[in-house]
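See structure below.
The values are calculated or read from the model by the stated rules, or taken from the named source; none is laboratory data. These figures come from a predicted structure and were not determined experimentally. Quick reminder, even Gly has a Cβ in these numbers, built from the backbone with ideal geometry, and neighbours come from all protein chains shown. Each accessible area value is taken on the protein alone, full model and side chains, heavy atoms only, with ligands, DNA and RNA left out. Shrake-Rupley method; radii C 1.70, N 1.55, O 1.52, S 1.80 Å.
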Amino acid sequence: MKDLVRLKTSLTEEVEKILNEQIRMEANSSSKYLAMASWCEEKGYKHSAEFFYLQAEEERQHMLKIFKYVAEMGGKAISPEVSHVQHDYATLREIFETALEQEISVTHAIYRIVDVARKVRDYGTDKFMDWFVAEQREEETVARRVLELFDIIGEEGQGLYFIDQAIGKVRGEA
Ligand code: FEO
């Protein structure tokens with residue numbers, strides 16, 4: 001009933017809340033990727049570091065996209081607090097496995113938003129999320145492609161050097 005009298009916004013409380021949760025998730029992703037870039041810099045994996053700098057920037061753009069949508073729709077966009085950010089990793093492969101897991105959880109979160117939007121017949125938000133659905137498909141493809149490189153090239157000897165070089169080219173291919 002409360003949602004019916006929200007005259008300043010066409011977003012229901014439920015949709016506004018889940019979009020703000022997504023804003024926080026994108027901000028968290030951005031910070032995680034920045035920490036991964038830092039780890040790669042420290043270890044000398046320059047191309048992987050660049051990969052994560054770009055990824056961190058993209059996640060910030062995702063956050064802003066949703067933030068501005070909530071604001072434009074008359075809702076209250078919440079500037080997110082970023083929770084604990086992991087800085088330590090054992091290997092380069094572990095970093096990219098963690099990145100893929102992160103993308104898979106983001107995809108699930110995006111699908112949840114679509115589910116909620118459809119449930120309350122908010123077709124505007126449903127349409128708005130189309131871009132994110134496509135983006136997640138691409139991001140998961142890139143993350144999986146990178147992980148394949150570890151098996152194709154192999155990590156022995158100079159393998160990690162060549163894997164890092166190859167990672168520098170993956171984004172352009174996806
Ligand atoms: Fe914005 Fe990579 O999810």
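Would you calculate the convex hull of the Cα atoms in segment 114-170 and tell me its volume per residue in Å³?
Details: hull volume 4.2 nm³, N = 57.
It comes to 73 Å³ per residue, whole-number rounded.
Checking the a/c ratio against 1.5 first, then a/b against b/c, what shape does the Cα gyration tensor give for the chain? Present the calculation step by step, with values, prior to reporting the outcome.
Values: a/c = 3.13, a/b = 2.34, b/c = 1.34.
Prolate is the answer for the chain, as a/c is 1.5 or above and a/b outweighs b/c.
Just round it to a whole percent: the fraction of Cα-Cα distances in segment 90-134 exceeding 14 Å.
Within segment 90-134, distances greater than 14 Å cover 56 percent of Cα pairs.
Considering only protein heavy atoms, with the full assembly of protein chains and a 1.4 angstrom probe, order Thr98, Thr141, Thr125 by accessible area, largest first.
Order by accessible area, largest first: Thr141, Thr98, Thr125.
Round to the nearest 10 and report in Å² the accessible area of His62, as given by a 1.4 Å probe over the protein chains' heavy atoms.
That residue has around 10 Å² of solvent-accessible surface.
Tally Lys/Arg at +1 and Asp/Glu at -1 over every other residue whose Cβ is under 12 Å from the Cβ of Leu100; what's the total?
Working: positive: Arg93, Arg144, Arg145; negative: Glu94, Glu97, Glu101, Glu103, Glu139, Glu140, Glu148.
With Lys, Arg at +1 and Asp, Glu at -1, the net is -4.
Within the P(r) computed for segment 14-72, what percentage of the Cα pairs occupies the region above 20 Å?
More than 20 Å apart: 33 percent of the Cα pairs in segment 14-72.
Using Cα positions and a limit of under 22 Å, work out the lysines in reach of Lys119, with same-chain residues fewer than 8 apart set aside.
Result set, ordered by chain and number: Lys2, Lys8, Lys17, Lys76, Lys127.
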